[in-house]
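Structure, as structure tokens:
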Amino acid sequence: MNILLVSCWFPNSENPQQGSFILDHAKSLSFASINCKVLYIHIHKGNRFIQKQIKNYSIDNVEVIEFDIQSRFWKYLFQFPIFLKKTVLHLAENDAVKKADVIHSHAIFPAGIFGWHLSKKYKKPFVITEHWSRAVSFLKKHPLGFLGKRIYQNADALIFVSESLREKVSKRINSQNVFVIPNPIDGNLFHYEPKPEPVPVRCTLVATWKKRSPKRGDIVLEALRSLQKKISVPFQIDFVGEGDALEDYKKIVDEHNLPVNFCGYETKEVLAKRLQNSHLFLHPTESETFGIVIFEALKTGTPVLASDLDVFRPYINSQNGKLIKNDVESWQNAILEAFSKQYNYQKIAEEFKMPFSQSEVAFKTKDVYEKVIDKMKK
């Protein structure tokens with residue numbers, strides 16, 4: 001079985017964090033003996049009206065075909081990908097696309113639009129996996145929302161990474177072939193190791209910290225600023241990730257002398273070790289479609305304090321963490337409670353050992369592929 005994963009999000013030299021879950025998904029498919037290639041449509045800033053080239057390389061044994069499209073008007077082209085339709089279809093005149101049994105796009109916008117047109121040209125089954133937290137907003141407000149709705153409803157299979165996201169999008173579309181399959185997590189990396197003694201209590205946060213992002217590291221910092229004298233044990237807070245919001249965060253830390261480290265971007269290998277050595281994982285956010293870092297933490301046995309969102313409610317409870325309202329006082333109370341609580345780290349890791357495993361996700365996805373291939377043959 002040959003699968004072509006189509007994505008406009010993928011790790012690159014400018015942003016090694018971007019779309020890392022797409023790479024994880026591609027890697028997981030090998031567990032079900034699926035031959036997977038990634039078509040990365042990379043639309044970014046250039047000095048000319050438009051420059052395009054094809055790059056071929058591999059990352060972690062995953063073959064990548066990159067359509068590198070540079071333009072002075074790249075933001076406009078990204079927002080209105082229909083103007084790149086002919087360019088992408090022309091670049092796709094290669095064996096990797098033609099030999100694919102299924103074309104599988106990740107996210108409706110813009111990869112879903114490109115994947116849809118590729119599937120029509122080459123008469124291939126089309127699958128889309130939705131991760132995007134703004135998918136509903138896209139359908140309601142974007143000029144191409146009508147096209148997104150048509151693609152959702154006519155895809156041979158529509159996969160959501162969480163039940164919460166499925167419910168939100170399904171209110172606006174009428175699609176019969178809907179599945180819920182989470183993102184995979186590498187259990188060889190994210191697994192239980194005995195925790196160090198909780199002095200200091202080590203807490204980790206992971207995100208891309210942008211000012212316009214839903215991630216709310218500022219709430220945690222404000223809570224810690226008020227709590228600093230009330231906490232009876234030493235503690236350490238590690239912010240992992242990069243972004244323009246960190247400038248404001250660093251000012252708060254310096255002004256109040258908070259025990260916070262800004263660690264920058266970390267590879268999965270480094271992050272796994274950090275989580276294994278953490279006593280708490282903090283995830284303040286206003287929205288989330290799946291929250292892969294939440295489950296990476298839980299797989300290492302790390303309790304999670306997270307914002308009270310629908311997507312987390314089936315998984316977070318008093319034994320493995322707490323869900324919290326997004327205000328400073330609620331986070332203060334939750335942090336104080338968690339710092340004095342004794343968690344069974346090994347039990348938490350055992351409960352999350354199998355869910356979201358690479359093999360589980362691979363075989364569920366393979367079942368979907370087999371269904372759409374059989375449907376095309378009839």
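No value in this document is a laboratory result; all are computed from the given coordinates. If you're wondering where the values come from, they're calculated on a predicted model, not measured in any experiment. Backbone-built Cβ (ideal geometry, glycine too); neighbour counts: all protein chains shown.
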Among Thr129, Thr267, Thr208, which one moves the most in a GNM of the chain with springs linking Cα atoms closer than 10 Å? Thr267
Identify which of Thr87, Thr289, Thr204 has the largest mean-square fluctuation in a Gaussian network model of the chain, with springs joining Cα atoms closer than 10 Å. Thr87
Restricting to Cα pairs below 8 Å that are 6+ residues apart, what does the relative contact order work out to for the stretch 201-351? Please round to a whole percent. 26 percent
Fully extended, how many nm does the chain gain between Gln51 and Asp248 (0.36 nm per residue separation, minus their Cα-Cα distance)? 67.3 nm
Calc'd 3J(HN,Hα), the stretch 11-20, phi into Karplus 6.51 cos²θ - 1.76 cosθ + 1.60 (θ = phi - 60°), Hz, glycine/Pro = x, comes to x, 9, 5, 6, 9, x, 7, 4, x, 4
For Thr285, what residues show an amide H to amide H distance below 5 Å, using hydrogens built from the backbone and excluding near sequence neighbours? Arg216, Ser307
Apply the Karplus curve 6.51 cos²θ - 1.76 cosθ + 1.60, θ = phi - 60°, to the phi angles in the stretch 156-166 and return the couplings in whole Hz, x for Gly and Pro. 5, 8, 10, 10, 10, 7, 8, 5, 4, 5, 4
Tell me the volume per residue, in Å³, of the convex hull enclosing the alpha carbons of the stretch 1-46. 63 Å³
For the stretch 183-192, what does the Karplus curve 6.51 cos²θ - 1.76 cosθ + 1.60, with θ = phi - 60°, yield as ³J(HN,Hα) per residue in whole Hz, taken in order and with x for Gly and Pro? 5, x, 10, 6, x, 6, 8, 9, 9, 6
Cross-link reach list, lysines versus Lys52, counting only Cα pairs under 17 Å and skipping chain neighbours closer than eight places: Lys75, Lys85, Lys86
Counting all Cα-Cα pairs in the stretch 229-336, those more than 20 Å apart amount in percent to 45 percent
Which part of the stretch 313-344 falls in the paramagnetic zone of His256, meaning amide N under 15 Å from the point 7 Å along Cα-to-beta-carbon? 327-336
Using a simple spin-label model with points 7 Å from Cα along the Cα→Cβ vector, what separation in nm is obtained for Glu350 and Lys120? 5.4 nm
What's the angle, to the nearest 10 degrees (0 to 90), between helix 145-154's Cα axis and the longest principal axis of the chain? 80 degrees
